[in-house]
Amino acid sequence: MRSNELEVLVNWGDTDKAGIVYYPNFFKWFDIAGHQFFRSCDLSPVQLEEERGIIVPLLDVQCTFEKALLYDDLITIHTKVEEINRKTIKLGHVVYRDGERVAHGYECRGWVEQSAEGIKAVLIPEDVKAILSDNIQAKADKKRPRYNA
């Protein structure tokens, strides 16, 4: 399945009073990594909405924290398609610092059609399933700076 990597530099504002990353930031980074993943396979959420009338809302998210992260840590978030179902996509995220896993989790996103009548989950088209099933690993474009939270 397709995968992508994103580097993130932990900033002071990401930490709590003890200097440890405050847990909601992992969910923020998962969201950013998920959007970057879709961009890496030419399925940008903006493009999906404009060209197909599709949005990919978050339905479920989970994270297991294994090691503390601190200010100025440089982390890599490895995102991979774990499941493609009829109307949902599950992205797995693994967070590394210096090659060591520090957290892991997932996001489940719906494939939802947006129209004047409202929103409804619809079947993921075969062309999208093929793109997401490709065994391709992308890295963030080296010309673009890494994400600084």
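The values are calculated or read from the model by the stated rules, or taken from the named source; none is laboratory data. These numbers were taken from a predicted model, which means no experiment stands behind them. So basically every Cβ, Gly included, is an ideal-geometry build from the backbone, and we count neighbours across all protein chains shown.
Key figures
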{"item": "Of all residues making up region 70-83, the number that are surrounded by fewer than 17 Cβ atoms within 10 Å (Cβ to Cβ) and assigned to a strand (DSSP E or B)", "result": "4"}
{"item": "Scope region 10-30; condition within 25 Å of residue 108 (Cα to Cα), surrounded by fewer than 19 Cβ atoms within 10 Å (Cβ to Cβ), in contact with a strand residue (DSSP E or B) (Cβ under 8 Å, 6 or more places away or on another chain) and touching a residue at least 40 places away in the same chain (Cβ under 8 Å); matching residues", "result": "23"}
{"item": "Within region 47-64, considering residues that are of a type in the set (S, T, N, Q) and assigned to a strand (DSSP E or B), the one surrounded by the most Cβ atoms within 10 Å (Cβ to Cβ)", "result": "62"}
{"item": "The lone exception for residue 33 - which of (1) at pLDDT 95 or above; (2) in a strand (DSSP E or B); (3) surrounded by 16 or more Cβ atoms within 10 Å (Cβ to Cβ) it fails", "result": "(2)"}
{"item": "Selected residue [at pLDDT 95 or above and not in a strand (DSSP E or B)] from 123, 132, 91", "result": "123"}
{"item": "Residue 53 being over 16 Å from residue 8 (Cα atoms) and not aliphatic (A, V, I, L, M)", "result": "yes"}
{"item": "Close pairs from region 105-133: first exposed (fewer than 12 other Cβ atoms within 10 Å of the Cβ), partner β-branched (Val, Ile, Thr) and not in a helix (DSSP H, G or I), Cβ under 9 Å, at least 6 apart", "result": "120/112"}
{"item": "Among (1) under 30 Å from residue 118 (Cβ atoms); (2) in a strand (DSSP E or B) - the single one residue 38 does not satisfy", "result": "(2)"}
{"item": "Test result for residue 67, modelled with pLDDT under 95, outside any strand (DSSP E or B) and closer than 29 Å to residue 11 by Cβ", "result": "no"}
{"item": "Where a residue in region 74-102 is touching a residue at least 12 places away in the same chain (Cβ under 8 Å) and closer than 18 Å to residue 123 by Cα and its partner, wherever it lies, is in a strand (DSSP E or B) and of a type outside the set (D, E, K, R), with Cβ under 6 Å and at least six apart", "result": "82/92; 87/121; 88/108; 88/110; 90/106; 90/108; 91/79"}
{"item": "Test result for residue 89, in contact with a helix residue (DSSP H, G or I) (Cβ under 9 Å, 6 or more places away or on another chain), within 18 Å of residue 130 (Cα to Cα) and either of a type outside the set (A, V, I, L, M, F, W, C) or surrounded by 17 or more Cβ atoms within 10 Å (Cβ to Cβ) (or both)", "result": "yes"}
